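The numbers here are math on the coordinates, done by the rules we state, and not lab data. None of these values were measured; they are calculated from a predicted model. Here the Cβ positions follow ideal geometry from the backbone for every residue, glycine too, while neighbour counts run over all protein chains shown.
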Amino acid sequence: MRKCAFLTILVLLLIYGCGGGSKPKFTDEELARIPLAQKEGLPEASGGFVLAVGGETITSNEIITEPLLEHFRPVAQKNSFEQFKKQAGFELEQIVATRISNILLYQQAKRDAGAGVDFEDALEKATEAEVKKFIAGFEGDYARAEQALKKAGMDWRSFREYQKKMILSQDYIRRQLPEYRPITYSELVNCYNEMKEEFFAIPATITFRLIDIQIPKMELTDPNDSRLEQARKLANELMNRLKEGEDFGELAKRYSHDHRASFGGLWQPLQPASLAKPYDVLAAEAEKVQPGQAAEPIEAGEHIFIMKLEEKSRKNFQPLENVQKEVEAKIIFDRRMKAVDEFGDAIVQQAALAERNRFIDFCLGKIYRMCSQSQTP
């Protein structure tokens, strides 16, 4: 199954916990579950089964943050554990894979970057710039920014460490990606055809004038006629006057009952599909007449419409030459995401993670218990 793109993965990492403050301690029972080879270098902490990755450890408490519990709580409370595993398992696998990938990627990036005073100084400056940018996102309000970090399970120290890892990792990925090959015309056309319906469509529109005779609003002038009969007589009379050359807009101002009467019955360009009942019948009628023509009276519920079509345009698409830059950007973005996905997969494959599935099962069980215990009666 296709892994999430690395850029998306970075967002998930921030949302679902990047670790903040001191690491929790492990119980003796949980430590007993860890293979001896993985116990070396463990932090003095507790709170869950751990997964060793490249000399570092991922704990269940680092994965199971409050935002993650809130995300999974509705699923856990409505399903059995087996059903919960089926629904939540893949998502948790992606979160764990994200953590594994970022640990290994950062280690590789750090090895590749080397060390030294100049390197460390440049990294510190870049990190501080990201911290300032983050605070600026809260209009310079340090307290609000700090509160947002706490919600993500971080403090300023862990946020700076996180930023250092991201700066190194992103720079490493950039240097590993191949140069983009020239975009061919067939690639442009194929991508344009895939995008045009969603991004480049110009919807059909109609512009018309309308005399809307609303039957309930007719005043009875002949006791032998109903309001419907009088409305029909009025519609026929107005059609004859239009054929004799009277101005449609002036007749609309005088006889139309709708909200556009004062504008000479003019309805500005709109999409036919946007017309609500009973006006939706006008869209079909607009297909039958040409601009400048008035359609015969249309009865629709308690309305009799006389419509004069002013303009109509069929659905169209922006031509490729007008949107070529957007299409090229999409092709480059897709290429980059594919390369990042493949690169991320290769990084994760370097790890000997025989305990990963057991770790994920442990986390799923813990999440399920915590969410079920918090269920309100």
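Here are a few things to note about the model shown:
- Straight-distance crosslink candidates among lysines, where the alpha carbon sits under 19 Å from LYS243 and sequence neighbours closer than 8 are dropped: LYS233, LYS253, LYS288, LYS308
- The stretch 55-127 and the stretch 231-296 have Cα centres spaced 62 Å apart.
- Distance (nanometres) between label positions extended 7 Å along Cα→Cβ at SER262 and ILE135: 5.4
- As a rough guide to protection, the peptides 363-369, 294-300 ranked by mean Cβ packing within 10 Å, highest first, stand as 363-369, 294-300.
- Long-range HN-HN contacts of ASP155 with modeled amide H, under 5 Å: GLY21
- Straight-distance candidates among the lysines for linking to LYS330, with alpha-carbon spacing under 17 Å and chain neighbours fewer than 8 residues away dropped: LYS196, LYS338.
- Placing unit charges on each Cβ (+1 for Lys and Arg, -1 for Asp and Glu) gives the stretch 204-314 a dipole about its Cα centre, and among ILE306, ASN236, PRO291 the Cα reaching farthest toward its positive end belongs to PRO291.
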